[in-house]
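Here the structure comes first, spelled out in structure tokens, and everything after it is commentary.
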Amino acid sequence: MRILVTGGAGFIGSAVVRHLAANPAITVINLDKLTYAGNPASVLSVSGQPNYRFYRTDICDEAAVREILIREDVTHIMHLAAESHVDRSIDQPDDFIQTNVVGTCRMLGAALWYWRQLPQDRRDAFRFLHVSTDEVFGDLDFDDSLFTEETPYRPSSPYSASKAASDHFVRAWRETYGLPVVMSNCSNNYGPYHFPEKLIPLVILNALHERELPVYGRGENVRDWLFVEDHALALERILLNGRLGESYNVGGRSERTNLEVVESICDTLDRLRPRSGTAGHRDLIRFVADRPGHDRRYAINATKLETELGWKPGHTFETGLERTVRWYLDSEAWWRPIRERSYAGERLGQLA
């Protein structure tokens with residue numbers, strides 16, 4: 001197999017690349033524009049392997065993507081490249097429309113052109129996996145309800161609206177042109193190599209620097225947390241064994257309020273790297289003005305994925321968080337250049 005991964009230097013994409021490249025029977029072709037969140041250091045462990053290729057390419061450049069598909073004789077596509085931070089989408093929605101909507105359409109165009117010229121046996125084996133988010137479904141009540149694959153779309157932010165649009169275009173390419181696609185929608189990911197604008201890495205690094213730990217509103221918003229390496233395993237299974245035209249929800253069955261997440265990080269750091277004196281890391285928590293349009297709750301029902309494809313998360317939130325905190329403690333060489341040169345932890349997404 002020769003699998004093209006878009007966004008393979010990003011957080012989830014790099015986890016997918018590292019996972020796939022561990023199998024010598026798979027050649028991994030990593031296509032990434034290397035925007036602020038794309039980091040070659042995240043795939044450094046596989047960069048010298050004979051089954052790994054890298055192209056610094058914009059997914060909006062359809063001609064370049066076509067050329068790579070032909071040159072690398074690609075058999076499968078995993079499309080993960082996206083702008084993904086809700087707060088940034090509030091400040092710069094055009095970037096999200098360009099990458100997530102236009103970029104996905106360009107990828108679909110390149111994939112369709114390539115697929116149509118393959119011999120029949122290769123056409124039958126070809127797959128295009130589109131990776132999306134549970135945020136397209138909007139807000140859930142604080143009850144026992146869960147997002148399923150049939151939940152109507154109701155995006156609340158420019159980010160989730162752009163991903164909802166991309167999902168619809170993927171479905172349209174399946175229905176109109178017959179492109180062999182499968183889709184996934186995941187809950188909040190966390191783990192190593194996460195760009196520190198997101199909640200968990202931001203809190204870890206702020207705590208290490210003795211800075212305030214911002215919690216939006218009263219910290220009551222609920223998310224379902226999924227360890228990124230578990231997600232990578234799920235995506236491989238969906239790509240290879242998912243039913244064409246179907247969508248699969250991927251969740252960790254680990255709902256936590258934002259405040260509970262921050263407090264868990266503080267308690268873990270108190271054990272692994274305590275503050276000087278008698279102060280604990282929870283003393284750094286500060287409640288700040290909420291994000292505009294902040295959805296109250298997301299929660300995934302992953303039964304379809306679990307029963308059809310036999311996947312289950314391998315980590316609880318506690319074991320995944322322990323691994324994540326330890327990784328950041330041991331990986332200053334990865335995160336320090338980011339904090340010093342591109343993102344120092346400042347608040348984003350505040351309306352004027």
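Computed values, structure above
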{"quantity": "Size of charge dipole - region 232-352 - debye, nearest 20, with Cβ of Lys, Arg +1 and Asp, Glu -1, no other charges", "calculated": "140 debye"}
{"quantity": "Overall form of region 212-300 per C-alpha gyration tensor (a/c, 1.5; a/b vs b/c)", "calculated": "oblate"}
{"quantity": "Fraction of beta bridges assigned by DSSP in the chain that are antiparallel (%, nearest 5)", "calculated": "10 percent"}
{"quantity": "Separation in nanometres of the label points that stand 7 Å from Cα toward Cβ, at residue 334 and residue 296", "calculated": "3.6 nm"}
{"quantity": "Cα-based helix-to-principal-axis angle, 103-116 vs the chain, degrees rounded to 10", "calculated": "30 degrees"}
{"quantity": "Zone of residue 148's modelled label, taken as backbone nitrogen in region 289-313 under 16 Å from a point 7 Å along Cα→Cβ", "calculated": "299-308"}
{"quantity": "Selected from 268, 68, 113, residue furthest toward positive end of dipole (the chain; charges at beta carbon)", "calculated": "68"}
{"quantity": "Per-pair calculated FRET efficiency, R0 = 30 Å: residue 176 and residue 240 via Cβ, rounded to 0.05", "calculated": "0.75"}
{"quantity": "Cα gyration tensor shape of region 258-307, rounded if a/c is under 1.5, else prolate or oblate by comparing a/b with b/c", "calculated": "oblate"}
{"quantity": "FRET efficiency, residue 326 to residue 34 (Cβ-Cβ, R0 25 Å, nearest 0.05)", "calculated": "0.35"}
{"quantity": "Length-normalised contact order of the chain in % [C-alpha pairs under 8 Å, at least 6 apart]", "calculated": "18 percent"}
{"quantity": "Among 80, 125, 152 - extreme Cα towards positive end, dipole of region 62-156, charges at beta-carbon", "calculated": "125"}
{"quantity": "Order of 169, 11 - criterion: other Cβ atoms within 10 Å of each residue's Cβ, fewest first", "calculated": "169, 11"}
{"quantity": "Folded to 0 to 90 degrees: helix 332-341 orientation relative to the chain principal axis, Cα", "calculated": "90 degrees"}
{"quantity": "Positive-end residue, the chain charge dipole about Cα centroid, Cβ charges, pick of 138, 92, 35", "calculated": "35"}
{"quantity": "193, 36 arranged by Cβ crowding within 10 Å, fewest neighbours leading", "calculated": "36, 193"}
{"quantity": "Cα gyration tensor, the chain - rounded (a/c under 1.5), prolate or oblate", "calculated": "prolate"}
{"quantity": "Ordering of 62-73, 272-283, 253-264 by packing [mean C-beta count within 10 Å, highest first]", "calculated": "253-264, 62-73, 272-283"}
{"quantity": "Linear extension gain, residue 121 paired with residue 91, 0.36 nm per residue minus alpha-carbon span", "calculated": "6.2 nm"}
{"quantity": "Net dipole in debye of the chain [+1 Lys, Arg Cβ; -1 Asp, Glu Cβ; about Cα centre; nearest 20]", "calculated": "820 debye"}
{"quantity": "Cut-off 13 Å, label 7 Å out along Cα→Cβ of residue 318, residues of region 260-274 by amide N", "calculated": "264, 268"}
{"quantity": "Lys, Arg +1 and Asp, Glu -1 on Cβ, resulting dipole of region 203-283 about Cα centre, debye, nearest 20", "calculated": "60 debye"}
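Coordinate-derived values only; no laboratory data. Just so it is clear, the structure is predicted and the values come from calculations on it, not from any experiment. Don't worry about glycine lacking a Cβ; one is built from the backbone with ideal geometry, like all the others, and counts go over all protein chains shown.
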